[in-house]
Amino acid sequence: MRLRKSWIIAAKDLKVIIRKRTVLYTVVMLPLIISILFPVVIELSGQKSGGIPAAYLPVLLSAFAFFYVIIPAIIPTPIASYSIVGEKVEKSLEPLLATPITDGEILLGKSIAAFIPSIAATYAGAAIFMVLMDSLTYSKLGYLYYPNWGMGIILLLLAPLAATLSIEMNVIASSRVSDVRTASQLGALMFIPFVGIYVAGEIGIITLDTNTLLIIAAIMAALVLVLFYISTATFRREEILTKWK
Amino acid sequence: MIDAENLTKKFGNLTAVEDLTFHVDEGEIFGFLGPNGAGKTTTVRMLCCLISKTSGTAKIADYEIGNDADSMKIRKIIGLVPDNVGLYDGLSAYDNLDFYGKLYDCTETQRKENIEKFLKMLGLWDKRDVSAGTFSKGMKQKLAIARALIHEPEILFLDEPTVNLDPESAKTVRDFILELKKEKKTIFLNTHNLDEAQRICDKIGILNTKLMAIGTPKELEGSIGGRKTVIQLDQVNDTILNALKKLSLGNITSDNNKLTIDLENPEKENWAIVNAIVGAGGHIQTVTVLGSTLEDAYLKLVRETK
Ligand SMILES: Nc1ncnc2c1ncn2[C@@H]1O[C@H](COP(=O)(O)OP(=O)(O)OP(=O)(O)O)[C@@H](O)[C@H]1O
Ligand SMILES: [Mg+2]
């Protein structure tokens, strides 16, 4: 596998995505809304009774932080399903497959193209979120809550892993099914387990402390490898070329 | 350059291409004719290593299709213009070509030079920065041809490149193909257009799942017989007809002082016929040979399979 070749594909896809604003907007919108919404909620809730008590703040803040695992699991879907199924819809897959490039290089290129904007939007959202939250909670807590180890693990480990898993699911879905909508719907299911973890954390089945986060990261890393194997094994150029309508 | 032997492709229990054996020489324009569903696209896809063969063998240059290591080498030396052009509508004409140039490892100078050369040859240079999505069908077709040539392949596969084109654009494309022939490129051309095939191809194969015939346009025309010599005289009389009957020719009809004679080989027999008429005192105005056309040959071969 030659990374340079994948990068050529990724660069082309990124160019198309940037020109095709609608896809880009859907990627940027979600992290932006959440990152502004949560600080607003903190600011507004319990305003009359003097705001949220300082003791509750860390609980809330660490729960909110987990959204930066859920976001990168959701936002690669429009790009990944657009870039893979899009090649087929535009009929551009046939000439592409006629060039000296391997399946792995194509898939990696497509994955990079979905990964970069997703992670960039997640990080940008997280930066806004942390700055707003710190400035709103500093007076009560007496210290800057962010950055902290939990958020570090989330942003540096869990978020990239979640984005990767989501992209792999999309790749698998779009090379198995024959139309765009089914592919993106299947791909979108990826965020459900993360919402599950979040809910489990909220209702106290697990605590989302750094240890738990590291365990989740390890499980995700193992899944990334399994899905990578499945995605390269299921991408069969002949089938995609001849069965997709 | 292209060598197929008993090449066969089945989709489930449908045989799309059966026992194809043919050879295309370097620098030759090979026309692949056949009705809808004959297996032309399927053959090109097999030769371009896009789909697997079911049985048989085929070699492109010295590489074997169906062998993974060779497939990569084949893809480097071929260019494909598929039946659906498959351009990136969101990218400019220039960027479409540049992307492909990069995939083929062309250097930056090579890409620049070739993009300019081909876009100029095809009359698209002024539109280089316009999104391919806004192009007309003909312009897209031309851009797809430029794309297939960006890495200067030895062999070019064209799947119905002039379908949907207006007569003038079709001519530009045909002239361009002939231009490529001068550069010693081998060209494999799928087409429905008999006239086009006859005008530009060195060799023609007629396919209808099986290869029905292969040869030069002339050979194919001759292959089904049915040629005639038509002689216009001032006056046809019995002396002339009797003189002709002695020559033991094919069927002779006379109408309005015009004689129509069925012949196997007019080039050889016309001399004796003209001699006999002149000997019998006839005054010849014109002598015309009517051959069967490529269309006759094509229709006959395609109907035979039904
Ligand atoms: N992916 C596929 N699955 C099943 N059958 C196929 C597939 N692709 C082609 N066929 C069948 O193979 C036969 C040959 O098709 P092909 O597209 O090669 O014909 P063609 O000569 O290119 O026709 P056209 O002139 O219409 O382009 C047809 O009967 C077609 O239905
Ligand atoms: Mg076809």
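Odds and ends about this structure:
- Count of residues meeting criterion [in a helix (DSSP H, G or I) and at pLDDT below 90] in segment B:273-306: 12
- Residues being away from chain A (no Cβ under 11 Å), under 21 Å from the mean Cα position of the chain (by Cα) and without any contact (Cβ under 8 Å) to a residue 24 or more places away in the chain are represented in segment B:148-169 by at least one member.
One line per residue, one yes/no per condition, for (1) modelled with pLDDT of 90 or more; (2) closer than 25 Å to A:Lys20 by Cβ; (3) more than 14 Å from chain B (Cβ to nearest Cβ):
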site: A:Glu105; (1), (2), (3): yes, yes, no
site: A:Ala114; (1), (2), (3): yes, yes, yes
site: A:Ser118; (1), (2), (3): yes, yes, yes
site: A:Ala127; (1), (2), (3): yes, no, yes
site: A:Tyr138; (1), (2), (3): no, no, yes
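- Residue check, B:Thr162 modelled with pLDDT under 95 and touching a helix residue (DSSP H, G or I) at 6+ places or on another chain (Cβ under 6 Å): yes
- So A:Gly104, is it touching a helix residue (DSSP H, G or I) at 6+ places or on another chain (Cβ under 7 Å) and among the small types (Gly, Ala, Ser): yes
- Count of residues meeting criterion [surrounded by fewer than 16 Cβ atoms within 10 Å (Cβ to Cβ), away from ligand 2 (no atom under 16 Å from the Cβ) and not acidic (Asp, Glu)] in segment B:22-53: 2
- Qualifying helices (runs of 4 or more DSSP H) (wholly inside segment B:1-110; at least 1 residues being within 12 Å of another protein chain (Cβ to nearest Cβ) and more than 16 Å from ligand 1 (Cβ to nearest atom)): B:68-77, B:93-103
- Residue count for segment B:139-162, restricted to those that are within 16 Å of ligand 2 (Cβ to nearest atom), charged (D, E, K, R) and buried (at least 23 other Cβ atoms within 10 Å of the Cβ): 1.
- Any hit, segment B:113-128, residues being among the charged types (D, E, K, R), within 12 Å of chain A (Cβ to nearest Cβ), surrounded by fewer than 19 Cβ atoms within 10 Å (Cβ to Cβ) and away from ligand 2 (no atom under 16 Å from the Cβ): no
- When segment B:231-251 is filtered for residues that are surrounded by fewer than 16 Cβ atoms within 10 Å (Cβ to Cβ) and assigned to a strand (DSSP E or B), only B:Gln232 remains.
- Segment B:195-242, subset acidic (Asp, Glu) and more than 11 Å from the chain's Cα centre (by Cα), residue modelled with the lowest pLDDT: B:Glu221
- Test result for B:Leu294, surrounded by fewer than 16 Cβ atoms within 10 Å (Cβ to Cβ), in contact with a strand residue (DSSP E or B) (Cβ under 8 Å, 6 or more places away or on another chain) and not β-branched (Val, Ile, Thr): no
- Restricting segment B:127-164 to residues that are in a loop (DSSP other than H, G, I, E, B) and within 16 Å of ligand 1 (Cβ to nearest atom), the residue that is nearest to B:Phe99 (Cα to Cα): B:Pro161
The values are calculated or read from the model by the stated rules, or taken from the named source; none is laboratory data. The shown structure was predicted, so the numbers you read here are calculated from the model rather than taken from an experiment. In this analysis, Cβ positions are derived from the backbone assuming ideal geometry, glycine residues included, and neighbour counts consider all displayed protein chains.
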